[in-house]
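A quick write-up on the structure given underneath.
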Amino acid sequence: MWYVRFCCGIAIVGLSASLPAADDKVRSPKEIMASTHSFKGLLKQAENGVKADEPKWEDLQKVATQYAKETEEFSKTKNPVAGKEDLWKELTLKLAKSGKEAEAAAKKKDAAALKKLTADIRGEQCARCHDTFRVK
Ligand code: HEC
C-alpha cells in the first residue's frame, strides 16, 4: 500500500506548490512595509511635507491618498503568526483607519490633524505590531 500514500503525497505537494502563484498579485507585507514605512516611504514623505511653513498640499494629498490605499492593502495580507488572528486584524485595521484619516486630513489641508495622525502612527503602532508580527 505504500505506493498509494506516495502517490497522494505527490499530488498534495503538487497542489500546494501551485497555490502561491494564484495570489502573486497581492504584494507581500514586506513589500508594502517598504513602500509605506521605509526611510523614504510614504509616511516619511507625509511627515516631512507637513512640517513646511506652507505645505504643498497637492503633493501631500497624493502621498496621503497613496498611504491610505497601501495601508488598506496591508490589512488584506495574511496574518504571519499562527494563533494571533484577532490581534493582526485589530492592528492592521487600525493602521488602515489611520491611513484613511490621514487622507481626509490632507484633503482638508488640516496640518495639525495630519501631524497628530502621523505622530500617533509612528509613536504607537509600529512597535506594537512589530513586537508580535515582525518575526524575521
Ligand atoms: C499592523 C502591523 C504593522 C504595523 C502597524 C507596522 N508594521 Fe512594519 N512590519 C510589519 C511586519 C509583519 C513586517 C515584516 C514583513 C516581512 O518581512 O515579511 C514589517 C516590516 C517592516 C520593515 C522592514 C521592511 C523590509 O523591507 O524588510 C520596516 C522598515 C517597517 N516594518 C517599518 C515600520 C514602521 C516605521 C512602522 C510605523 C510607522 C510600521 N512598520 C508599522 C508589520 C507592521
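The values are calculated or read from the model by the stated rules, or taken from the named source; none is laboratory data. Predicted, not measured: the structure shown is a model, and the values here were computed from it. Using ideal geometry, Cβ is built from the backbone for each residue, glycine included, and neighbour counts are taken over all protein chains shown.
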Original post:
Just for segment 31-64: of the residues that are more than 16 Å from Ile121 (Cβ to Cβ) and in contact (Cβ under 8 Å) with a residue 40 or more places away in the chain, which one is farthest from the chain's Cα centre (by Cα)?
Top reply: Pro55
**OP:** Please go through segment 35-59 and pick out each residue that is within 10 Å of the ligand (Cβ to nearest atom) and either at pLDDT below 95 or among the aromatic types (Phe, Trp, Tyr) (or both).
**Re:** Phe39
Original post:
Can you pull out the residues in segment 97-122 that are near the ligand (Cβ under 9 Å from one of its atoms) and more than 14 Å from Ala46 (Cβ to Cβ)?
Top reply: none
Original post:
On the given criteria, is Thr65 at pLDDT 95 or above and near the ligand (Cβ under 10 Å from one of its atoms)?
Top reply: no
**OP:** Give me the pairs, please: first residue somewhere in segment 75-98 and closer than 17 Å to Ile32 by Cα and among the hydroxyl-bearing types (Ser, Thr, Tyr), second residue anywhere and more than 9 Å from the ligand (Cβ to nearest atom) and outside any helix (DSSP H, G or I), beta-carbon distance under 8 Å, and either six or more positions apart or on two chains.
**Re:** Thr77/Val26; Thr77/Arg27
